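For reference, the structure is listed below as structure tokens.
We did not get these values from a lab; they are worked out from the coordinates using the rules stated. Because the structure is predicted, anything quoted here is derived from the model rather than measured. In this analysis, Cβ positions are derived from the backbone assuming ideal geometry, glycine residues included, and neighbour counts consider all displayed protein chains.
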Amino acid sequence: MSQPTIRVTHEDYGSSGRYSATLRGADGEAELTWRTGGPGIIVADHTYAPGSMRGSGVALALVQRLIADARERDLLIVPACSYVRAQFDRHPEWADRRADA
């Protein structure tokens, strides 16, 4: 069985932004939103995946992109969203990007 094709994009509005993802063959769009939490800190505050995408790995792909971008930009992440917090707990290798405020 082949892996699903997930396409993740990022929109940065300055003090907030969002990651969105589409999944080939599925209706809708998944999203992860964030806002600035102070110098060098972003707050991941919401993650949503429509029913047509649940269980596909699309929400995890959003968090993985968030982590990669945070590493590239040397940012810390406050996981205010329960899904993002759960993924941080499952991935101790991401601890260097976690900021609890």
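Where does the chain land at 222 nm, in deg cm²/dmol rounded to the nearest 500, when only DSSP H runs of n ≥ 4 count, each adding -39500 (n - 2.57), divided by all residues? Please list the in-between numbers first.
Details: 2 runs with 25 residues, N = 101.
Taken over the chain, the calculation gives -8000 deg cm²/dmol.
From the P(r) of segment 30-76, could you give the percentage of C-alpha pairs in the tail past 18 Å? The partial results should precede the final answer.
Working: 343 of 1081 pairs.
So the pairs more than 18 Å apart make up 32 percent of the total in segment 30-76.
So how tilted is helix 58-73 from the main axis of the chain? Cα-based, degrees 0 to 90, rounded to 10.
The angle comes out near 30 degrees.
In the chain, what percentage of the DSSP-assigned beta bridges are antiparallel, given to the nearest 5?
Restricted to the chain, the bridges split so that about 80 percent are antiparallel.
Local charge sum around Ser20 (other residues, Cβ-Cβ under 13 Å, Lys/Arg +1, Asp/Glu -1)?
Taking every Cβ under 13 Å from that of Ser20, the sum is -1.
For segment 6-91, would you read off the P(r) tail past 16 Å as a percentage of all alpha carbon pairs?
Counting pairs separated by more than 16 Å, the tail of P(r) holds 47 percent.
Determine, for Thr33, Thr5, Thr47, the number of other Cβ atoms within 10 Å of each Cβ, and report the residues in order from fewest to most.
Details: Thr33 18, Thr5 9, Thr47 23.
Final ranking by Cβ density, sparse to dense: Thr5, Thr33, Thr47.
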